[in-house]
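One structure follows; several queries about it will come next.
The values are calculated or read from the model by the stated rules, or taken from the named source; none is laboratory data. As the structure is a computational prediction, the values presented were derived from the model and not from experiment. All Cβ positions, even for glycine, are placed from backbone atoms using ideal geometry, and neighbour counts span all protein chains on display. SASA here: full protein model, heavy atoms, side chains in, ligands and nucleic acids out. Shrake-Rupley method; radii C 1.70, N 1.55, O 1.52, S 1.80 Å.
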Amino acid sequence: MNHRWETPASVWQEDERSGEFALLATEGLGRIDWRDHARGRLPDVAHLLGASLPVACDCAPIFPEGFAFCPHCGRSLLRLPGTPARQPGWWGPGMDAQLPRHVPHGLPVTSLALGDSLEERPAAPHVGRPDLALPAPPNAQCVFAASHYGFPEQRLLALAHTRGVLQYWDPLAGLWHVMTPDDGAASLAFTASAYAWLPVLEPRRGEVAIVPTSSGLQRLWINPVSETYRTEPVLEAPLVAAPGAMRRHIACLIGPAADMNGTVRLWSARSDLLEIEEYACPDLPRAGWSRPIGYDGRLFWLHQQGQLAWRPGAPPLFTPWPPGWQPRLDFGGPTQSRDGRLWQIGHDGQGYSFLELGADRPESAPIDGARLGFANFLFRRGHPVLDEPWSGEHVEDPNQDDTLVLPLLRGFNNNRSQPSGLVLRFHKYTGRAEDALEARVLPRTTVEWIGRRNVILDEVVRLSRPLDCLPFVYAGCLWLHHPDWNQIRGWRLEEPA
């Protein structure tokens with residue numbers, strides 16, 4: 001007969017003939033498909049469950065949680081920890097909940113101390129190389145999340161949101177797995193506007209995030225054992241823009257319903273999904289919004305036609321841009337002046353200028369050329385702008401006049417007098433910034449960390465669509481992904497154990 005083993009979190013069955021163990025059920029993961037499980041995946045499953053692995057015996061490839069010795073031969077086993085990991089997760093450059101309130105949330109800014117490690121590398125003009133590489137996920141146009149999701153170890157997910165494909169990285173097997181939706185799971189596709197999800201800070205086992213989909217907000221759960229995922233509806237309505245969070249509230253733009261005469265609405269609720277409110281927003285565009293930016297107690301969604309600002313408990317306010325003025329949303333995002341106001345760069349047909357956000361009568365400040373960046377991390381051509389957004393650039397090296405710097409990620413650090421972060425530098429480029437960010441092929445680009453020391457991390461030949469470059473942090477490394485690359489380039493932030 002088969003023997004049944006019950007642990008605090010799981011139920012296992014021991015086969016009487018082979019002596020091998022099969023997982024029947026485990027807390028939070030729903031249906032378990034063990035029969036088709038490849039042996040190559042068992043080490044990853046053991047690390048996720050906190051189960052035990054053989055060291056010197058061949059009696060079984062995996063043992064239930066808590067087993068210190070093989071029940072057949074008595075040899076010792078590798079007993080893995082079963083407590084959830086506490087290392088900080090990564091949900092995209094704009095989803096760092098640890099940033100202070102005076103830093104805009106929703107822009108590519110992180111509180112992780114990346115520069116403390118990267119600046120120990122040889123400084124420019126030395127050209128570095130990546131320390132390691134990951135294969136690109138099969139569906140390469142994606143966003144990344146690295147978290148423990150209630151498991152003992154951190155894992156990496158890649159969501160191809162334009163196709164609704166969820167991919168799971170198995171670090172022990174060195175493979176990407178495409179996860180299969182459970183019966184009744186909603187499609188994860190979302191293409192109406194820029195993507196942003198709402199991470200769960202204290203997740204239950206398998207809980208990932210609240211994600212936007214074309215049919216509404218869904219709570220996403222993963223089952224890495226069976227390589228499946230499921231969803232739970234949070235809001236069933238067509239989404240117009242990605243959700244955002246402001247303190248204890250979440251909000252998103254939803255599309256017109258049959259009883260609303262085609263009116264876009266702003267839906268909001270407390271984080272516990274109580275106190276739901278809806279506000280009609282006549283004449284709002286139904287696609288093309290930026291991901292929300294949280295600052296000064298308000299959420300901002302930006303669009304080519306105007307800005308929408310919302311404060312919890314108050315109606316949203318849509319303000320069209322001044323006549324003839326068009327924002328340059330691809331240049332990075334809003335930045336701050338020294339008095340704490342937010343400014344968006346744009347062009348009025350004659351020249352560039354900054355326009356104040358969130359004001360009834362916004363001020364403008366003309367500038368003498370394009371500036372790329374966000375959140376005080378600004379560059380004019382190849383030189384940083386260190387004072388007000390409209391101040392002149394700080395020229396340290398005149399040889400950088402014929403380069404163009406595109407910031408990708410700012411590392412926030414209160415102890416630094418000037419911003420630092422990850423950038424792309426386009427060499428021998430004197431054309432318009434707009435052209436460089438579109439389909440033009442850039443002959444030589446360097447990946448650099450700019451801070452107390454400027455470090456060249458890598459060199460890229462013939463780069464196109466630089467805005468598709470996506471940095472993320474996972475497993476103690478800084479990674480840089482581009483859909484055209486076969487491998488994701490990585491640089492260690494910690495000494496290897």
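Under 16 Å from a point placed 7 Å out from the Cα of N399 along the Cα-to-Cβ direction: which residues of segment 423-440 have their backbone N that close?
Label zone hits: 425-429.
In whole percent, what relative contact order does the chain give with Cα contacts below 8 Å and a gap of six or more residues?
12
Give, rounded to the nearest 20 debye, the magnitude of the charge dipole that the chain has about its Cα centre when Lys and Arg contribute +1 at Cβ and Asp and Glu contribute -1 at Cβ.
Using Cβ point charges on Lys, Arg, Asp and Glu, the chain gives about 320 debye.
Between D272 and V127, how many nm apart are label points set 7 Å from Cα along the C-beta direction?
5.8
Let me ask something else. Could you pull out the chymotrypsin sites (Phe, Trp or Tyr not before Pro) across segment 124-221 that fall in loop regions by DSSP (anything but H, G, I, E, B) with no more than 12 other Cβ atoms inside 10 Å?
Qualifying residues, ordered by number: none.
Is segment 286-431 rounded, prolate or oblate when judged by the Cα gyration tensor, a ≥ b ≥ c being the square roots of its eigenvalues, rounded requiring a/c under 1.5 and prolate requiring a/b larger than b/c?
prolate
Then there is this: At 7 Å along Cα-to-Cβ for each site, give me the label-to-label distance between T263 and A439 in nm.
About 4.1 nm separates the two model spin labels.
Is the chain rounded, prolate or oblate when judged by the Cα gyration tensor, a ≥ b ≥ c being the square roots of its eigenvalues, rounded requiring a/c under 1.5 and prolate requiring a/b larger than b/c?
oblate
Then there's this: Please give the contour-minus-distance gain from R17 to W325: 0.36 nm per residue of separation, less the Cα-Cα distance, rounded to one decimal in nm.
103.3 nm
While we're here: For segment 138-192, report the accessible area per residue in Å² (1.4 Å probe, heavy atoms, rounded to an integer).
35
Now for a different question. Measure out, as a whole number of angstrom, how far apart the alpha-carbon centroids of segment 376-447 and segment 300-350 sit.
So the two Cα centres are separated by 22 Å.
Moving on to the next point. If you scale each eigenvalue of the Cα gyration tensor by 5 and take the root, what three semi-axes come out for segment 448-497, rounded to whole angstrom and sorted largest first?
For segment 448-497, the semi-axes come out at 20, 15, 9 Å.
Considering only the other residues whose Cβ falls under 13 Å of the Cβ of E459, what net charge follows from Lys and Arg at +1 and Asp and Glu at -1?
Summing Lys and Arg as +1 and Asp and Glu as -1 gives +3.
From the Cα gyration tensor of segment 278-350, with a ≥ b ≥ c the square roots of its eigenvalues, which class applies: rounded if a/c is under 1.5, or else prolate if a/b is larger than b/c, or else oblate?
Oblate, because a/c is 1.5 or more while a/b does not exceed b/c.
Using +1 on the beta carbon of Lys and Arg, -1 on that of Asp and Glu, and nothing else charged, what's the dipole of segment 149-228 about the Cα centre, debye to 20?
Taking the Cα centre of segment 149-228 as origin, the dipole is about 160 debye.
Further, regarding this structure: May I ask you to give the percent of accessible area on the chain that is carbon plus sulfur, with a probe radius of 1.4 Å?
Heavy-atom surface of the chain belonging to carbon and sulfur, 1.4 Å probe: 48 percent.
Pairs of alpha-carbon atoms within less than 8 angstrom and 6+ residues apart define the contacts here; what relative contact order does segment 118-261 have, in percent?
16
Can you pull a Stokes-Einstein diffusion coefficient for segment 403-479 at 37 °C (0.692 mPa s), Rh from Kirkwood over Cα pairs, as a whole number of µm²/s?
246
Test of the criteria: in segment 414-493, which GluC sites (Glu not before Pro) are in a DSSP loop and have at most 15 other Cβ atoms within 10 angstrom of their Cβ?
Of the GluC sites (Glu not before Pro), the ones in loops of segment 414-493 whose Cβ has at most 15 other Cβ atoms within 10 Å are E438.
HN-Hα J couplings of segment 391-405 from phi, Karplus 6.51/-1.76/1.60, θ = phi - 60°, integer Hz, Gly and Pro as x?
6, x, 6, 9, 8, 9, 9, x, 5, 8, 4, 9, 10, 10, 9
Are there any GluC sites (Glu not before Pro) in segment 51-142 that are in a DSSP loop and have at most 13 other Cβ atoms within 10 Å? List them by number.
Here the GluC sites (Glu not before Pro) that fit, given the DSSP loop and packing criteria, are E120.
Something else: Points 7 angstrom from Cα along the Cβ direction at V461 and A314: gap in nanometres?
Here the answer is 5.6 nm between the modelled labels.
Moving on to the next point. How big is the shadow of the Cα convex hull of segment 368-407, averaged over all directions, in nm²?
2.6
Then there's this: Placing +1 at every Lys and Arg Cβ and -1 at every Asp and Glu Cβ, with all other atoms neutral, what dipole size does segment 343-421 have around its Cα centre, in debye to the nearest 20?
The dipole of segment 343-421 has a size of about 300 debye.
Also, quick follow-up: Suppose R0 equals 45 Å. What FRET efficiency, 1/(1 + (r/R0)^6) with r the Cβ-Cβ distance, do L78 and E119 give to the nearest 0.05?
Efficiency, rounded to the nearest 0.05: 0.75.
Using modelled amide H (1.01 Å from N, peptide plane; none on Pro or chain starts), what sits under 5 Å from the amide H of D131, excluding residues fewer than 5 places away?
Amide H neighbours of D131, under 5 Å, 5+ apart: G490, W491, R492.
Further question on the same structure: Could you tell me which residue out of L77, V143, H102 lies farthest along the dipole of segment 72-144 toward its positive end? Charges go on the beta carbon: Lys and Arg +1, Asp and Glu -1, centred on the Cα centre.
Value computed over the given set: L77.
Suppose all protein chains stay in the model; what accessible area per residue would a 1.4 Å probe give for segment 414-461, in Å²?
That works out to 46 Å² for each residue.
Next question, about the same structure. How far is the Cα center of segment 62-108 from the Cα center of segment 118-184, in Å?
Segment 62-108 and segment 118-184 have Cα centres spaced 15 Å from each other.
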